[in-house]
Amino acid sequence: MHYQLGLIGYPIQHSLSPWIHERFLTNTNLSGAYRIMEIHPHEDFSEQVKRIRQSKINGFNVTVPYKQKIIPYLDQIDENARLMGAVNTVVNKNGVWTGYNTDGIGYVRSLRSRFSSLNEKAMKVLLIGAGGAARGIYYALIQADFLHIDITNRTLTSAKEIKALKDSNVYTSIFSLDEIEERLHIYDMIIQTTSIGMKPNENQSIIHLDHIKKGSIVSDIIYQPLQTEFLKQGEKMGAKLHYGHTMLLYQAQAAFELWTNMNPAMEDMDKELIKKLRGDE
Ligand code: NAP
């Protein structure tokens, strides 16, 4: 079988996904190709999706700005993706398109690959941000047995919507960005999921980390730049760092498994991806 895979989104010409998935194909000894299928916002989305349907594609990733827009074009949607209200992976099985979301599971896998022992049930976690990625991560953390996950965000109504995803065992409070800095010392892990600090605004950080707990984990899902200002502050305070590029690899791994039923080894991809991202800095 020759796997035909790809990515829709805009702009995606510099996406790292072709590199990642072609490495996975090689690592699993599968034949196939992963291509960029950029859809300009001025193009007719329905028409473009129809063209993809007519092709022999086995599956594709979906990125900004189409993670919600693709949903009406699917035949089925996985329960996780339905709750997220966003799809980043589509699997085509005999003409039936099913939508999934691997962002949350990718985040948790990347966390577990970095920290072999986490005391999920006892850890107090702070999630900064309440966008699409935060939603997926919050839900995946709950599924991974984390019991205390607070949320802070610029827009509090979005944080409340995310909190509504929780079950009764989970404890979540919502705080404004203004009040959270003074409370940081209670958290064992702080996860930054907003777009603040992303290139070209790499000198920005959503909050200051002066009051974090000693030995806590500081995590940022942004991977451009590789070391965000948020992570730099965490490093200065002696935190254990968790980098965004690892989530990128593991969400891709979860998508590849859905398409091929194969579990691709990462080998040295982490180091190689770091080199690629440093090259861009
Ligand atoms: P999104 O749905 O647009 O959410 C954006 C988040 O950033 C919201 O919480 C938003 O707050 C906040 N925000 C944006 N501008 C802000 C500002 N000026 N001040 C304060 N808060 C602001 O985006 P997303 O899909 O969740 O993605 C967020 C980031 O994660 C992006 O940088 C993306 O590249 C990265 N990401 C990385 C991976 C990975 O694999 N490593 C995967 C997915 C996403 P409001 O709710 O107040 O607007």
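The values are calculated or read from the model by the stated rules, or taken from the named source; none is laboratory data. Everything quoted here is computed from the prediction, not taken from an experiment. Note: ideal-geometry Cβ built from the backbone for every residue, glycine included; neighbour counts use all protein chains shown.
Structure data summary
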| item | result |
| --- | --- |
| Unmet requirement for residue 112, which otherwise passes all of (1) buried (at least 24 other Cβ atoms within 10 Å of the Cβ); (2) assigned to a helix (DSSP H, G or I) | (1) |
| Lone qualifier among 130, 144, 140 - being within 22 Å of residue 229 (Cα to Cα) and either in contact with a Lys or Arg (Cβ under 6 Å, 6 or more places away or on another chain) or touching a residue at least 24 places away in the same chain (Cβ under 8 Å) (or both) | 130 |
| Some residue of segment 178-195 being within 14 Å of the ligand (Cβ to nearest atom), of a type in the set (Gly, Ala, Ser), touching a residue at least 12 places away in the same chain (Cβ under 8 Å) and in a loop (DSSP other than H, G, I, E, B) | yes |
| Considering residues of segment 70-81 that are at pLDDT 95 or above and surrounded by fewer than 16 Cβ atoms within 10 Å (Cβ to Cβ) only, the residue farthest from the ligand (Cβ to nearest atom) | 75 |
| Evaluation of residue 227 against (1) within 30 Å of residue 25 (Cβ to Cβ); (2) crowded, with 16+ Cβ neighbours inside 10 Å; (3) in contact (Cβ under 8 Å) with a residue 24 or more places away in the chain; (4) away from the ligand (no atom under 11 Å from the Cβ) (one fails), failing number | (3) |
| Filter result (of a type in the set (D, E, K, R) and farther than 21 Å from residue 13 by Cα) within segment 57-111 | 75, 78, 79, 82, 93, 109 |
| Subset tally (residues that are part of a strand (DSSP E or B) and either without any contact (Cβ under 8 Å) to a residue 12 or more places away in the chain or buried (at least 18 other Cβ atoms within 10 Å of the Cβ) (or both)) for segment 90-109 | 8 |
| Residue list for segment 148-175, filter: crowded, with 17+ Cβ neighbours inside 10 Å and out of contact with any helix residue (DSSP H, G or I) (no Cβ under 9 Å at 6 or more places or on another chain) | 148 |
| All positions within segment 196-210 that are more than 23 Å from the chain's Cα centre (by Cα) and within 12 Å of the ligand (Cβ to nearest atom) | none |
| Residues that are within 16 Å of residue 195 (Cβ to Cβ) and more than 13 Å from the ligand (Cβ to nearest atom), drawn from segment 130-171 | none |
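Condition check ((1) farther than 22 Å from residue 275 by Cα; (2) in contact with a helix residue (DSSP H, G or I) (Cβ under 9 Å, 6 or more places away or on another chain)) across all residues:
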site	(1), (2)
7	yes, yes
16	no, yes
25	no, yes
28	yes, yes
34	no, yes
49	yes, yes
57	yes, no
63	yes, yes
67	yes, yes
